[in-house]
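The values are calculated or read from the model by the stated rules, or taken from the named source; none is laboratory data. What you see is a predicted model; the values in this text were computed from it and never measured. Here the Cβ positions follow ideal geometry from the backbone for every residue, glycine too, while neighbour counts run over all protein chains shown.
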Amino acid sequence: MGCGIWVLHYMVMQAHHHNHVINYNIQITLASLLIAIVGCTLGFVCFLFKKLRRKHYLLPALIFSATAASMHYLGLTAIINAGDWYVSNTNITLSLIVIFTTSLMMLRLTHLMLVMTGKNDSYANFYRLGATLTLCVGVAIMHFLGSCEINMGSMAVSSAASSQDAYIENSLAITIIVLVALVFMLAIFIWFINFKEHLSNELLKKELIMKNLQLKQMTQHDSLTKLPNRLYLQAHLNTQFNSQTEPLFIMFVDLDGFKRVNDVWGHAVGDELLVKISRSLKSVVGNEGFVARIGGDEFIIVISQKDKDTVIQLAQQLLATISDRYELSATTVDFLSASIGISVYPEHGKDVATLLKKADVAMYYIKDKGKNNVTFYDEVEMTLPC
């Protein structure tokens, strides 16, 4: 960065109005380059340490502006054929205010760029470009303010002096060209390294997101039916309890006769049947409720509804669907039924464990009464296990 500011300084000086080519003392010129490199390095070191930069970046901004001003006015003294020149105190003050203000703005934009890097690359690039343009504009304005009153005097010089001036001029031109080339190549190299790192980070980030989604799917969903499992169900119910205004009906569905399928045709056929039943349950419930498998042939259906009769109608529809005929790879199953026990939030409890236990008790109650039916938990007729 120091080399870049130094190159910008001498390009601005060459572009400034004068009636002949100007030459520089090479030693003083190189001293100004050293000041630019050291000052910018110190400024960024100060900026990177939170305790040094503080909240408003005053110290690093002061270092940057002092570096730019020192480089500029030292560069003026390096001009060999400047003649008598004078810069008013007003212009000096204005130039210092401009470079200090733009340094503050540049550091703020740089900080925002660092914050946004990895979060939103579009914004990060926008802040990076803004910081670069702000500093360039500030340096250019400072140089014009600090040199607008200089009169480049004419000098009668001998051929030897002309030769020496030409040598100095050529040396400075070569130095500037080499530095510009080095800065340009360094910028390309840094961009290439950052691009590779960014691309690698993006690929890694996408891979991690996919792995996390897969892990979440595995831990919160049943691997066979892809329905939410008990863990997901508990989190879902706790979330609903926090904002629930209507009664919440917890249906505990247990299949009647499923054990016979596993015993006669094997677990592979039983798994095939469970997949078909889970799809049927989701199709009947639709967007009105939530379906989960908590293990074996047990399912939980959660419905938010004001009217109990509507819930009973849905439960009867579920019983009719489960009792359907299933064409499986090894056999046809047409003897299934289901027993459904229902608990109600907040009537029967305000926590997941209590509601599931009471729905389970109601399910076993109706199973003992003949199966293939539905009932609500009753505090009088049904007792919870100890």
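The one condition from (1) farther than 27 Å from Thr219 by Cα; (2) out of contact with any Ser or Thr (no Cβ under 8 Å at 6 or more places or on another chain) that Val285 does not meet is (1).
One residue alone among Ile322, Ile342, Ile366 is touching a helix residue (DSSP H, G or I) at 6+ places or on another chain (Cβ under 8 Å), surrounded by 15 or more Cβ atoms within 10 Å (Cβ to Cβ) and more than 21 Å from Asn262 (Cβ to Cβ), and that residue is Ile342.
When we screen Leu8, Leu34, Leu52, Leu76 for residues that are modelled with pLDDT of 75 or more and not polar (S, T, N, Q), the only hit is Leu34. Looking only at region 219-237, residues that are assigned to a helix (DSSP H, G or I) and either exposed (fewer than 11 other Cβ atoms within 10 Å of the Cβ) or touching a residue at least 40 places away in the same chain (Cβ under 8 Å) (or both) come to 7 in all.
If you go through region 238-258 and keep only what is aromatic (Phe, Trp, Tyr) and surrounded by fewer than 17 Cβ atoms within 10 Å (Cβ to Cβ), you end up with just Phe241. Within region 308-335, residues that are touching a residue at least 12 places away in the same chain (Cβ under 8 Å) and of a type outside the set (Phe, Trp, Tyr) have Cβ atoms under 9 Å from residues that are assigned to a loop (DSSP other than H, G, I, E, B) and surrounded by fewer than 14 Cβ atoms within 10 Å (Cβ to Cβ) in these pairs: Ser323/Asp334; Ser323/Phe335; Asp324/Asp334; Ala330/Gly266; Val333/Arg325, counting only partners at least 6 apart in sequence or on another chain.
Against the test of being in the same structural domain as Thr354 (by TED's automatic domain parsing) and assigned to a strand (DSSP E or B), the options Ile300, Ile277 yield a single qualifying residue, Ile300.
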